[in-house]
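Enquirer: Here's a structure for you.
The values are calculated or read from the model by the stated rules, or taken from the named source; none is laboratory data. Predicted, not measured: the structure shown is a model, and the values here were computed from it. Neighbour counts run over all protein chains shown; Cβ positions are idealised from the backbone, glycine included. Accessible surface is based on the protein model in full, side chains and every heavy atom, while ligands, DNA and RNA are left aside. Shrake-Rupley method; radii C 1.70, N 1.55, O 1.52, S 1.80 Å.
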Amino acid sequence: MTLPIVEAPAVIPGPPGIDAAVTTEWLTAFLRDELLVRREIPRAVLGLSGGVDSAVTAFLCARALGPENVYAFRMPYKTSQPSSLADAQLVVDALQINTRTIDITAAVDGYLQLEPSADARRRGNVMARIRMVVLFDQSAKLGALPIGTGNKTERLLGYFTWHADDTPPVNPLGDLFKTQVWALAQYLGVPKRLIDKAPTADLEADQTDEGDLGITYARADAILAELLLGYSDSQLIERGFSAREVSLVRARVDATHWKRHLPTTAMLSNTAINEFYLRPVDF
Amino acid sequence: MRVAIVQTKPVKGRYAENLRGAREAFAQLAGDAPDLIVFPEAAFTGYFLEGAVYDLALCAQRFARDLARAWREACGERPVDLVAGFYENDDGTYYNSAIYLRVERGGEQIVHLHRKMFLPTYGVFDEERFLSRGRKLGVFETRFGRMSMLVCEDAWHAIVPTLAAIKGARILIVPSASPGRGIEGDRELSSITQWREVLRQAAIEHGVYVIYAGLTGFEGGKGMTGSSCVIDPRGEVIVAAPPLEACIVRADLDLREIELARAGLPLLGDLSAALPDLLLDDELPLPRGVRDAPDR
């Protein structure tokens, strides 16, 4: 008699999944704890770009703090896509949060006119840093806390402006891959247009994230999730990824460890801060 | 035997304030006071302290006195047994400890002090950088029979609850602080599911009650998973708290269930018989002739 064979299914690595309901509950509790319990600050400010990350952040803040306590700032530069403003408005309308549009063109150009030869990357960085100047000043004005919107994929790939996008003291999405943010967006009811459109930093004309990175978020997230678990490049290739995409992702992660740290401080004593003198952030 | 677990959300580093919180919980329980009240690991300081552990660690006697005073202020001279996790300063050596305290009219007695043996020092954890390891798994007599306390990772090594049960423990008390992670699961964080499986397995295999007290609240972005629970000797979760709320969990334990469970599934007796064969296996990395070694 021939016995039936029960074969273990082949492992096909894909982007990491997410239980959106559990994640929403956890992140809502996190935001309440960081703002209401730990800092006793009832209001949040955030930059609303028209993209999915800031939209999800706004939805979470509205759940955690109430829409009347969320202040969303649209900060266009003269080259920003007009559709970004309209997409941001969809979020404002859906949530009934406070909003204001502050054009950063004059502030950015005030400096860049002294540096007319600055290339697109430098100009983009100046815009990102000016947006943080605005956000932090508005937080002081409103008695609110700036909330970050960066996700785990862009943090790992170093695809952000250091000490700009990563500056706010509280970040709910920083441990979620981009594909998980999309899934969360669907669960939260973020307007479909923002979920479906190609992600862009909107710092240059016709820019898209996936064009800049040279890989789709779905592939990058699948590789990153496994890479972080300790799989070597050769194991990743065995598991079905191409050498090109593995090498691209690995190179970006390895080149940007510094962007995920505070500035390097020369250690000179047995009491060096964060080396010997260690206190948790919430102490 | 009536048990309560106080699933606390301590304010980081504020010992006196957290002690007042315990007193309020005691007052809330005064009307129908339990026989045993269990608090989580690091329940009065918060778990992640880094170097501040040296500022906040206390000697066991002082902690026992403070806890007993909080009880008496709320409930007078009524006797009670209390268990709580705390950072211990033993003459300049620091431990992550759990105390079992008997509070009686006119005084309190430390029935047992367990020093956490497995100090997680990987990933988000950094305990052994600041703390010393406990060296002994104690099983101790209480008015409800023999018990053992396992602090957090102690309970994850299957051999630890096994040895506690072999040494006669009928109830395992597990104070814990577990930072939640794993959002790819189903309806709960995967670290919560894993904890429950670990605890249920210990209860089923050895026919013991398990009382698990989980810390709750966020500590700098790391959310402690609460989920305090009581598991009966057949592995059934008879009560469980939610992950993110400070609350009190109550349960009545019928200790006769232990004998019934063990009669139905006599694995502990089987293990007792086979254990010498397992431990005398010379392929195991165990010290041999340890009692004769001059430096022990």
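Enquirer: Give the average, rounded to an integer, of partner chain Cβ atoms located within 10 angstrom of each Cβ in B:218-230. It would help to have the intermediate numbers written out before the result.
Expert: Working: counts 10, 6, 7, 10, 4, 5, 0, 1, 0, 0, 0, 0, 0.
Whole-number average of other-chain Cβ neighbours for B:218-230 is 3.
Enquirer: Report the label-to-label distance for B:Arg133 and A:Gln96 in nanometres (one decimal), using points 7 Å from each Cα along the Cα→Cβ vector.
Expert: Each label point is offset 7 Å from its Cα along the Cβ direction, giving 5.9 nm.
Enquirer: A further question follows. Ignore the peptide's own chain and count Cβ atoms of other chains within 10 Å of each Cβ in A:19-27; give me the average, rounded.
Expert: Working: counts 9, 1, 2, 12, 3, 0, 5, 9, 2.
For this peptide, the per-residue mean of nearby foreign Cβ atoms is 5.
Enquirer: With point charges of +1 on the Cβ of Lys and Arg and -1 on the Cβ of Asp and Glu, referenced to the Cα centre of chain A, which listed residue (A:Thr265, A:Leu114, A:Ser80) lies farthest in the positive direction of the dipole?
Expert: It is A:Leu114.
Enquirer: Can you pull the three principal axis extents for the Cα set of region A:29-184, in Å, largest first?
Expert: Each principal axis gives a Cα extent; for region A:29-184 these are 47, 32, 29 Å.
Enquirer: Multiply the residue separation of B:Cys247 and B:Glu283 by 0.36 nm, subtract the distance between their alpha-carbon atoms, and state the gained length in nm to one decimal. Numbers along the way, then the final one.
Expert: On the way: separation 36, 0.36 × 36 = 12.96 nm, distance 4.75 nm.
Computed gain between B:Cys247 and B:Glu283 is 8.2 nm.
Enquirer: Would you work out which of A:Ala218, A:Leu228, A:Thr200 lies farthest towards the positive end of the dipole of region A:194-253? Charges go on Cβ: Lys and Arg +1, Asp and Glu -1.
Expert: A:Leu228
Enquirer: About the Cα centre, and with charges only on the beta carbon of Lys, Arg (+1) and Asp, Glu (-1), how big is the dipole of chain A? Nearest 20 debye, please. Each step should come with its number before you reach the end.
Expert: Values: 28 positive and 34 negative charges, 100 e Å.
With only Lys, Arg, Asp and Glu charged at Cβ, the dipole is about 480 debye.
Enquirer: Please check region B:23-71 for residues whose accessible area, probe 1.4 Å, is lower by 40 Å² or more when all protein chains are in place than in their chain alone.
Expert: For region B:23-71, once contacts with the other chains are taken into account, B:Glu50 lose 40 Å² or more.
Enquirer: In degrees, nearest 10, range 0 to 90: what is the angle between the Cα axis of helix A:52-65 and the longest Cα principal axis of chain A?
Expert: Approximately 70 degrees, to the nearest 10.
Enquirer: Given the Cα-Cα distance of B:Arg146 and B:Gln28 and 0.36 nm per residue of separation, how much length would full extension add, in nm?
Expert: Numbers: separation 118, 0.36 × 118 = 42.48 nm, distance 2.82 nm.
My answer for the length gained is 39.7 nm.
Enquirer: Suppose all protein chains stay in the model; what accessible area per residue would a 1.4 Å probe give for region B:1-113, in Å²?
Expert: Working: 4150 Å² over 113 residues.
Solvent-accessible surface per residue comes out at 37 Å².
Enquirer: So, one more: For region B:2-276, take N as its residue count and report Rg(C-alpha) divided by 2.2 N^0.38 Å. Each step should come with its number before you reach the end.
Expert: Details: Rg = 17.5 Å, N = 275, 2.2 N^0.38 = 18.6 Å.
So region B:2-276 has a normalised radius of gyration of 0.94.
Enquirer: I would also like to ask the following. Set the Förster radius R0 to 56 Å, insert the Cβ-Cβ distance between A:Ser232 and A:Thr79 as r into 1/(1 + (r/R0)^6), and round the FRET efficiency to 0.05.
Expert: Here the calculated transfer efficiency is 0.85.
Enquirer: Okay, which of region A:256-283 sit inside 18 Å, backbone N to the point 7 Å along the Cα-Cβ direction of A:Glu40?
Expert: From region A:256-283, the list is A:282-283.
Enquirer: Now for a different question. What base-10 log of the normalised intensity I(q)/I(0) is obtained for the protein assembly as shown from the Debye formula, alpha carbons as equal point scatterers, at q = 0.09 Å⁻¹?
Expert: -0.83
Enquirer: What average number of partner chain Cβ atoms lie no more than 10 Å from the Cβ of the residues making up B:175-187?
Expert: Values: counts 0, 0, 0, 0, 0, 2, 2, 2, 13, 8, 4, 3, 3.
Partner Cβ neighbours, averaged per residue: 3.
Enquirer: Another question, then. Am I reading the A/B interface right? What is its buried accessible area, both sides, 1.4 Å probe, to the nearest 100 Å²? Can you show the working numbers first?
Expert: Numbers: alone 15240 and 13970 Å², together 27300 Å².
Protein heavy atoms only, the A-B interface buries about 1900 Å².
Enquirer: What distance in nm lies between label points placed 7 Å from Cα along the C-beta direction at A:Asp119 and B:Arg256?
Expert: Simple spin-label model gives 8.3 nm for this pair.
Enquirer: I'd like the FRET efficiency for A:Asp212 and A:Leu262, computed as 1/(1 + (r/R0)^6) with the beta carbon distance as r and R0 of 30 Å, rounded to 0.05. Intermediate results must be reported in sequence, preceding the final value.
Expert: Working: r = 26 Å, r/R0 = 0.86.
Efficiency at R0 = 30 Å is approximately 0.70.
Enquirer: Please provide three numbers in whole Å: the alpha-carbon extents of region A:125-199 along the principal axes, with the largest listed first.
Expert: So the three principal-axis extents are 33, 27, 21 Å.
Enquirer: Also, quick follow-up: Who wins for biggest fluctuation among B:Ser228, B:Ser132, B:Ser97 in a Gaussian network model of chain B, springs between alpha carbons below 10 Å?
Expert: Answer for the Gaussian network model of chain B: B:Ser132.
Enquirer: If you place +1 on the Cβ of every Lys and Arg and -1 on the Cβ of every Asp and Glu, how big does the dipole about the Cα centre of region B:2-276 come out, in debye to the nearest 20? Before the final figure, lay out the partial values.
Expert: Numbers: 32 positive and 36 negative charges, 87 e Å.
The dipole magnitude comes to about 420 debye.
Enquirer: Something else now. When the solvent-accessible surface of protein heavy atoms is calculated with a 1.4 angstrom probe, in what order do A:Trp26, B:Trp156, B:Trp71 fall, highest first? Let's see the in-between values first.
Expert: Details: A:Trp26 35, B:Trp156 105, B:Trp71 0 Å².
The ordering from most to least exposed comes out as B:Trp156, A:Trp26, B:Trp71.
Enquirer: A further question on this structure: R0 = 56 Å: FRET efficiency of B:Lys167 with A:Ala21, Cβ-based, nearest 0.05? Working shown, then result.
Expert: Working: r = 43 Å, r/R0 = 0.77.
Here the calculated transfer efficiency is 0.85.
Enquirer: Let me cross-check A:Thr264: its accessible surface, 1.4 Å probe, with only protein heavy atoms counted, in Å² to the nearest 10?
Expert: Answer for A:Thr264: close to 140 Å² accessible.
Enquirer: Where does region B:142-296 land on Rg/Rh, using Cα atoms and the Kirkwood Rh? Intermediate results must be reported in sequence, preceding the final value.
Expert: Numbers: Rg = 17.6 Å, Rh = 17.0 Å.
Using only Cα positions, Rg/Rh for region B:142-296 is 1.04.
Enquirer: Could you give the accessible area per residue of region A:20-210, probe 1.4 Å, as a whole number in Å²? Walk me through the numbers on the way to the answer.
Expert: Working: 7970 Å² over 191 residues.
I get 42 Å² per residue for this part.
Enquirer: Also: Aspartates and glutamates within cross-link reach of A:Lys78: Cα-Cα under 15 Å, excluding same-chain residues under 8 positions apart?
Expert: Leaving aside aspartates and glutamates fewer than 8 places away in the same chain, those within reach of A:Lys78 are A:Asp103, A:Asp109, A:Asp202, A:Glu204, A:Asp206.
Enquirer: Also, I was wondering about something else. Only Cα pairs within less than 10 Å get springs; with that Gaussian network setup on chain B, which residue of B:Ala52, B:Ala202, B:Ala70 has the largest fluctuation?
Expert: Among B:Ala52, B:Ala202, B:Ala70, the largest mean-square fluctuation in the Gaussian network model of chain B belongs to B:Ala52.
Enquirer: Using every pair of alpha-carbon atoms in chain A, split the distances into 5 Å bins beginning at 0 and state the percent of pairs per bin, rounded to integers.
Expert: Computed distribution, short to long bins: 1, 5, 11, 14, 16, 16, 13, 10, 6, 3, 1, 1, 1, 1, 0, 0, 0, 0.
Enquirer: Mean-square fluctuation check for chain B, GNM, Cα pairs under 10 Å: which of B:Arg115, B:Arg256, B:Arg187 is largest?
Expert: Result for chain B, Cα springs under 10 Å: B:Arg187 fluctuates most.
Enquirer: Using a 1.4 angstrom probe on heavy atoms only, work out the carbon and sulfur share of the accessible area of region A:20-210 in %. Please report the intermediate quantities before stating the final value.
Expert: Numbers: 4170 of 7970 Å².
Exposed carbon and sulfur together represent 52 percent of the surface.
Enquirer: Toward the positive end of the charge dipole of region B:2-276, about the Cα centre and with charges on Cβ (Lys, Arg +1; Asp, Glu -1), which of B:Val239, B:Ala60, B:Pro40 goes farthest?
Expert: The listed residue farthest towards the positive side: B:Ala60.
Enquirer: Now, a different point. Let me know the charge dipole size of the protein assembly as shown about its Cα centre in debye, to the nearest 20, where only the beta-carbon of Lys, Arg (+1) and Asp, Glu (-1) is charged. Present the calculation step by step, with values, prior to reporting the outcome.
Expert: Working: 63 positive and 76 negative charges, 234 e Å.
Taking the Cα centre of the protein assembly as shown as origin, the dipole is about 1120 debye.
Enquirer: In what order, largest first, do B:Glu236, A:Glu204 sit by accessible area if the probe radius is 1.4 Å? It would help to have the intermediate numbers written out before the result.
Expert: Values: B:Glu236 105, A:Glu204 75 Å².
Ranked from most to least accessible, the order is B:Glu236, A:Glu204.
Enquirer: Right, here's the next one. Starting from the Cα of A:Val133, move 7 Å in the Cα-to-Cβ direction to define the label point; list residues of region A:75-114 whose amide nitrogen is under 11 Å from there.
Expert: Counting only backbone N, you get A:104-112.
Enquirer: Heavy atoms only, probe 1.4 Å: what % of the accessible area of region B:2-276 goes to carbon and sulfur, would you let me know?
Expert: On region B:2-276, the fraction of accessible area on carbon and sulfur atoms equals 49 percent.
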